[in-house]
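Okay, structure first, notes after.
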Amino acid sequence: MTNKTLPAWEQADAGTHADDPRAVAFNAQYPARPIPATGPVITDTICATPSAGFDALWKAIEPETRTRANDVHLPVSTAYATRLCDAYPEADRELVLAAIILHDTGWAHVDEDRIISEGFSSNWRKATIRFEHEAEGCVVARRVLPELGYSEDFVEKVCEIIDGHDTRQVAYSLEDALVRDSDRLWRFDRAGIMASSSWFGMAISDYVDRLQREIIPELITDAAHQIATADLARAAALLRTEVIR
Ligand SMILES: [Fe+2]
Ligand SMILES: [Fe+2]
């Protein structure tokens, strides 16, 4: 299948959950899209700014990092989240980082055979397995966070972000928005391009085109837009996608 015959991904339905009071309140508080950064935005390769800390949490979810390249996806996404927290210092940094570290741990507790067959099919946004991995991720968060001393209130805030991080198309808070953008930004790094294009069964040039056309417009924050655009330009040049297509 070439890039000319490839059907577009199913569009995200921004209307779903848009009437939720949390979504309405968030939109009222942050009406501009993309949301302008209030702190510094670093658009260097993500390798230049790894995340740090949260060692006990990483140790606690080590078994969950062994599924679906989570041992790459989670730390790379966490590095992006750290940058976004610097760009939006008004956000609750601890909440954003705990949520992004935990957000996909549920993949380790669903039927592995269905991850690719359903989770990356043409209607991947609504695949049942995606709802399951969100629910299972909340189970992991409720298991590991209290043991590390986090309050019940904090754990529930983390779960509110994990629940719907893939299947809900609107953000409920700035922290939710930063987690959602970090989760998407990993796709723009070389590692994310490599993994995601293979999971979707797509040529690199087709995948890079889709990032530009379909994923950049989904990013909520301006910092994420800037980072994604810079990453994509670097990746396209490095991978010679204008020629190899
Ligand atoms: Fe996910
Ligand atoms: Fe993810």
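Computed from the coordinates by the stated procedures, all read-outs in this text should not be read as laboratory data. Because the structure is predicted, anything quoted here is derived from the model rather than measured. Neighbour counts run over all protein chains shown; Cβ positions are idealised from the backbone, glycine included.
So the values come out like this:
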item	result
Among 209, 20, 163: highest mean-square fluctuation, GNM of the chain, C-alpha pairs under 10 Å	20
Across the chain: Cys residues that no other cysteine approaches within a C-beta distance under 4.7 Å	47, 85
Cα-based shape type of the chain, given that a ≥ b ≥ c are square roots of the gyration tensor eigenvalues and the cut on a/c is 1.5	rounded
Fewest-first ranking of 59, 157, using other Cβ atoms within 10 Å as the exposure measure	59, 157
Added length on full extension, which subtracts the Cα-Cα distance from 0.36 nm per residue, residue 128 to residue 44	26.6 nm
Additional length obtainable on full extension of the chain from residue 32 to residue 17, 0.36 nm per residue less Cα span	3.5 nm
Estimated [θ] at 222 nm from DSSP helical runs (n ≥ 4, -39500 (n - 2.57)) normalised by residues in the chain, nearest 500	-16000 deg cm²/dmol
Label-point gap, in nm, between residue 152 and residue 194 - each point 7 angstrom along Cα→Cβ	4.5 nm
Potential extension, residue 116-residue 143 segment - 0.36 nm per residue separation minus Cα distance	7.1 nm
Distant-in-sequence amide H partners of residue 35 (H built 1.01 Å from N, under 5 Å)	221, 222
